[in-house]
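Here is the structure we will look at.
The values are calculated or read from the model by the stated rules, or taken from the named source; none is laboratory data. This is a predicted model, so every value here is computed, not measured. No Cβ is skipped: glycine too gets one built from the backbone with ideal geometry, and neighbour counts run over all protein chains shown.
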């Protein structure tokens, strides 16, 4: 991405302080993305705008490899918010958004990781972690609802739930069912 700032081109090779300064700025932006709201890629694109085009920003010349830390921050932020909604202890808290939002965020994460061939974002380990969290969440939900401890908090249709499960690499047989839990 071409920058309009004081360091376009190859100045960083001539002045190592420029590289350190750029790394520090990128690190700060990654931190902001990690602590951003519900749609971290909005913060990501906002950071790119700020870094390269905003007259009040540093107007840096950004190369694709410079964005890796920002992209990883997006992935980690999505991981955090998806797992938040798969944590049974959060079901009665204000931060809980439910399985419907979890499914939407998983789609957003997949789309973000697939959006460009230039990105080398591998979400396979997060996919496995989230798949296990979904199974654990559903087991707990079934036990709590079956025992009368609580009403269900599942706020999505069966098709949304199965689409999420399939997207995570799970089959119908991988999902806990009331009958399985009683065995």
Exercise. Among the residues of the range 134-153 satisfying the criterion of being under 13 Å from residue 89 (Cα atoms) and in a loop (DSSP other than H, G, I, E, B), which is nearest to the chain's Cα centre (by Cα)?
Worked result: 153
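The rows are residues; the columns are (1) closer than 23 Å to residue 46 by Cβ; (2) out of contact with any strand residue (DSSP E or B) (no Cβ under 7 Å at 6 or more places or on another chain); (3) without any contact (Cβ under 8 Å) to a residue 60 or more places away in the chain; (4) not assigned by TED's automatic domain parsing to the domain that holds residue 33.
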{"site": "78", "(1), (2), (3), (4)": "yes, yes, yes, no"}
{"site": "104", "(1), (2), (3), (4)": "yes, yes, yes, yes"}
{"site": "110", "(1), (2), (3), (4)": "yes, yes, yes, yes"}
{"site": "113", "(1), (2), (3), (4)": "yes, yes, yes, yes"}
{"site": "121", "(1), (2), (3), (4)": "yes, yes, yes, yes"}
{"site": "124", "(1), (2), (3), (4)": "no, yes, yes, yes"}
{"site": "127", "(1), (2), (3), (4)": "no, yes, yes, yes"}
{"site": "130", "(1), (2), (3), (4)": "no, yes, yes, yes"}
{"site": "135", "(1), (2), (3), (4)": "no, yes, yes, yes"}
Exercise. Going through the range 164-182 one residue at a time, which ones are in contact with a helix residue (DSSP H, G or I) (Cβ under 8 Å, 6 or more places away or on another chain), over 24 Å from residue 94 (Cα atoms) and at pLDDT 95 or above?
Worked result: 165, 167, 168, 169, 170
Exercise. Quick one: residue 82 ticks every box in (1) in contact with a helix residue (DSSP H, G or I) (Cβ under 8 Å, 6 or more places away or on another chain); (2) surrounded by fewer than 16 Cβ atoms within 10 Å (Cβ to Cβ); (3) in a helix (DSSP H, G or I) bar one, so which box is it?
Worked result: (2)
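Given the structure, is residue 99 part of a helix (DSSP H, G or I), over 13 Å from the mean Cα position of the chain (by Cα) and modelled with pLDDT of 95 or more? Spell out how you get there, then give the answer.
Numbers: part of a helix (DSSP H, G or I): yes; over 13 Å from the mean Cα position of the chain (by Cα): yes; modelled with pLDDT of 95 or more: yes.
Taking the combined requirement at face value, the residue satisfies it.
Looking at this structure, is residue 4 buried (at least 18 other Cβ atoms within 10 Å of the Cβ), more than 19 Å from the chain's Cα centre (by Cα) and modelled with pLDDT under 95? So that I can check it myself, show each step before the final result.
Numbers: buried (at least 18 other Cβ atoms within 10 Å of the Cβ): no; more than 19 Å from the chain's Cα centre (by Cα): yes; modelled with pLDDT under 95: yes.
No.
Of the residues 38, 29, 56, which single one is part of a helix (DSSP H, G or I) and either free of Cβ contacts under 8 Å to residues at least 12 places away in the same chain or not assigned by TED's automatic domain parsing to the domain that holds residue 137 (or both)? Give the derivation first.
Working: 38 fails: part of a helix (DSSP H, G or I); 56 fails: part of a helix (DSSP H, G or I).
29 is the lone residue from the list that is part of a helix (DSSP H, G or I) and either free of Cβ contacts under 8 Å to residues at least 12 places away in the same chain or not assigned by TED's automatic domain parsing to the domain that holds residue 137 (or both).
Within the bounds of the range 62-73, is there any residue that is in a loop (DSSP other than H, G, I, E, B) and surrounded by 15 or more Cβ atoms within 10 Å (Cβ to Cβ)?
yes
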